[in-house]
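**Q** Below are the structure tokens for one structure; questions will follow.
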Amino acid sequence: MFYESLKQKVIGEVPEDTRMEGGDFFVLNQEISLLGVGLRSKIERAIYLMENDLIGTKYFGVVNDENDLDQIVCTWIQYSTF
């Protein structure tokens, strides 16, 4: 695994029954991180991370996107900007 080559210890594992996209997680600085939930990352994952102290920062913000819940719309927006 790549984390082994970085000599990093695994501090926990998350269940497979909810999703989280790595690109939805942002570390702003050593004290603050954010997770966008909606189409790709689910609120259940954010709750699991908080309940199990797996965030790694003192403060954690959850940004809930209730508008873009359709993959077709997201794909069209993504490709139409190029």
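Each value in this text was obtained by applying a stated rule to the coordinates, not by laboratory testing. Keep in mind it's a predicted model, so treat the numbers as computed, not measured. Ideal geometry is used to build each Cβ from the backbone, glycine not excepted, and the neighbour counts take in all protein chains shown.
**Q** Using θ = phi - 60° and the Karplus relation 6.51 cos²θ - 1.76 cosθ + 1.60, list the HN-Hα couplings for the range 55-62 in order, rounded to whole Hz, with x at every Gly or Pro.
**A** With the stated coefficients, the range 55-62 comes to 7, x, 10, 5, 10, 9, x, 10 Hz.
**Q** For the range 1-54, run through the trypsin sites (Lys or Arg not before Pro) and keep only the ones in DSSP coil with at most 10 other Cβ atoms within 10 Å of their Cβ. Walk me through the numbers before you get to the answer.
**A** Working: sites: LYS7, LYS9, ARG19, ARG40, LYS42, ARG45; in loops: LYS7, LYS9, ARG19, ARG40, LYS42.
Those satisfying the criteria are LYS7, LYS9.
**Q** Sticking with this structure for a sec: Could you give the length gained by full extension between ASN29 and SER5, i.e. 0.36 nm per residue of separation minus their alpha carbon distance, to one decimal place?
**A** So the extension gain works out to 6.2 nm.
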